[in-house]
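The values are calculated or read from the model by the stated rules, or taken from the named source; none is laboratory data. These numbers were taken from a predicted model, which means no experiment stands behind them. Glycine gets a Cβ as well: all are built from the backbone with ideal geometry, and neighbour counts include every protein chain shown.
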Amino acid sequence: MTDSSYFPVRGVIEGFYGLFYTAPERNNLISFIADHGFNQYIYGPKNDRQHRARWREPYPDFIMEQFAETVAHSLHRGVEFCYSLGSGVSINYASEEDFHLITSKFKAFYDIGVRHFMIMLDDISAEFHNQEEQLMFNSYAGAHVHIANRLLYWLKSLDKSCKLSLCPTDYHGRPPFSDYIHELGKGLDQEIDIFYTGPEICSETISELDTADFAAAVQRKPIIWDNYPVNDLAMTSEMHIGPITGRESSLPNVCKGFIVNTMSQAEASKIALLTFADYFNNPKCYEPWISWEKALKTVAGEENYEAIKLFGENSLYSCLAYPEAAPLDQLTKKALSSLRTGEAASTSKDVQKLFDYLDLLDEAGYHLKYRMSNYALRNNLVQWIELMESWAWAGRRAIAVLRALENNEDIAAPLNWLKESAGEIRKHPKRYAGSILLPLIEYVESKVEKKKSNIFN
């Protein structure tokens, strides 16, 4: 892929909460994004203690050796490696010692080849913790301007090629932006890039107008920090496997580029990343669902396309707000409609179509678990695959109970199996297809109760 002229910065950020990548996963992902037109990788996982919670501590020697290998690999592949520090959680902005600790951490990464650094001041309380800070600074923004400009000056004295980026405490929204944002934009050196996640933390849409308004407030074109496909914190039950949508094609007019915050599942993140790559390459001609199908084939393999598409088309719940599981939803609603109008489960074509589709989901699950050779993808998806299978079993068992009722057969066995599947679903920590099949299960349960009532009366 040729270097895109639309977005100068096309990056990935390992910036999520939770289990972060192993060194081999990170190196593999860097190779992958290099192959698909990305040019930056930012390291900043929130649960890395030496990055955030205990940022003052140096990394162990063996971890720095891993970083050195990753930085060399990244440079070899033409991807700029950026090291970020989440010092905002506990920094004393007036402390010379804390400033020295930041520069010591940065110098260690400079020594292994890093020339781009970042300060993360997001997800922190906007207040001072020390009296000397209150005496030294008139505002929280003033402290951020001071520390960032001073760090940039220090980096430039070390090497004029060094760069500094900043994620502000207020990083999303629409006008009127906070006094903090306006003061930050006015005071920060123009060489320091600022990140913006759109109108929300996880934005359904990011428009040219939203971004232009933020750019005006910070007095520079921002870099969009896209919180899709990330699935941390309250989203850990979700698998964000769909294409990127809702990003206007005119965004190159008002931003410098994008960084994409991936999921803790590195291999599964590649599907969304490939759709970002197509958007970056030509935002005006980007067709998300065509791009998505191509991405599924690339990551899962052509031979697994039908299975992964069946899985994916019912696992689309995210901030992007496209229908979560349209095929299953439509089939379930049609089946229920036919049942409620008096058709028998044994003869209804709509019920049979749903049954057949659930069969396909079950077969797709088996294939993805035991036939797909991309084992990293299999391991990333396996909990969601198993939940898909549980739904497939629950739906088919619900239909089996209905058919047994209609034929005056013993329903004890299929009813117990249905309860077993329903129990698995209710206890499962992940989300797949929402609750689309629950109305069918509840319909069956009501029929069973009515049957029992008739027997005893």
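The single residue among S125, S165, S139, S157 that is within 16 Å of F99 (Cβ to Cβ), in the same structural domain as E57 (by TED's automatic domain parsing) and hydroxyl-bearing (S, T, Y) turns out to be S157. Apart from one condition, A295 fits all of (1) outside the structural domain of I30 (by TED's automatic domain parsing); (2) surrounded by 22 or more Cβ atoms within 10 Å (Cβ to Cβ); (3) among the aliphatic types (A, V, I, L, M); (4) farther than 17 Å from G37 by Cα; the exception is (4). For the stretch 403-410, does any single residue satisfy the condition of being aliphatic (A, V, I, L, M), surrounded by fewer than 21 Cβ atoms within 10 Å (Cβ to Cβ) and under 30 Å from T22 (Cα atoms)? No; the residues of the stretch 403-410 include none that is aliphatic (A, V, I, L, M), surrounded by fewer than 21 Cβ atoms within 10 Å (Cβ to Cβ) and under 30 Å from T22 (Cα atoms).
Against the condition under 16 Å from T262 (Cβ atoms), among the hydrophobic types (A, V, I, L, M, F, W, C) and outside the structural domain of N379 (by TED's automatic domain parsing), how does F16 come out, does it pass? Yes: the conditions hold for F16. Screening Y322 on (1) touching a residue at least 12 places away in the same chain (Cβ under 8 Å); (2) under 20 Å from G365 (Cα atoms) shows it passes everything except condition (2). For the stretch 298-306, the criterion of a residue being farther than 22 Å from V382 by Cβ and not hydroxyl-bearing (S, T, Y) is satisfied by no position.
In the stretch 374-383, is there at least one residue being aromatic (F, W, Y) and either at pLDDT below 95 or on the phi > 0 side of the Ramachandran plot (or both)? For the stretch 374-383, residues aromatic (F, W, Y) and either at pLDDT below 95 or on the phi > 0 side of the Ramachandran plot (or both): absent.
None of E69, E96 is acidic (D, E), at pLDDT 95 or above and under 27 Å from the mean Cα position of the chain (by Cα) except E69. Restricting the stretch 130-161 to residues that are charged (D, E, K, R) and in contact (Cβ under 8 Å) with a residue 40 or more places away in the chain, which is surrounded by the most Cβ atoms within 10 Å (Cβ to Cβ)? Looking at residues that are charged (D, E, K, R) and in contact (Cβ under 8 Å) with a residue 40 or more places away in the chain, I get E133. When residues in the stretch 284-330 are screened for being assigned to a helix (DSSP H, G or I), of a type in the set (G, A, S) and under 21 Å from N227 (Cα atoms), 3 of them pass. I'd like the full set of residues that are among the aliphatic types (A, V, I, L, M) and out of contact with any Ser or Thr (no Cβ under 8 Å at 6 or more places or on another chain), limited to the stretch 364-394. Those that are among the aliphatic types (A, V, I, L, M) and out of contact with any Ser or Thr (no Cβ under 8 Å at 6 or more places or on another chain): A364, L368, M372, A376, L377, L381, V382, I385, L387, A392.
If only residues of the stretch 322-345 that are over 23 Å from E389 (Cα atoms) and exposed (fewer than 15 other Cβ atoms within 10 Å of the Cβ) are counted, the one that is nearest to the chain's Cα centre (by Cα) is S337.
To keep it simple, each residue is scored yes or no on (1) out of contact with any strand residue (DSSP E or B) (no Cβ under 9 Å at 6 or more places or on another chain); (2) of a type in the set (V, I, T); (3) closer than 27 Å to T341 by Cβ; (4) surrounded by 19 or more Cβ atoms within 10 Å (Cβ to Cβ).
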site: L368; (1), (2), (3), (4): yes, no, no, yes
site: M388; (1), (2), (3), (4): yes, no, no, yes
site: A400; (1), (2), (3), (4): yes, no, yes, yes
site: S435; (1), (2), (3), (4): yes, no, yes, no
site: E445; (1), (2), (3), (4): yes, no, yes, no
site: E449; (1), (2), (3), (4): yes, no, yes, no
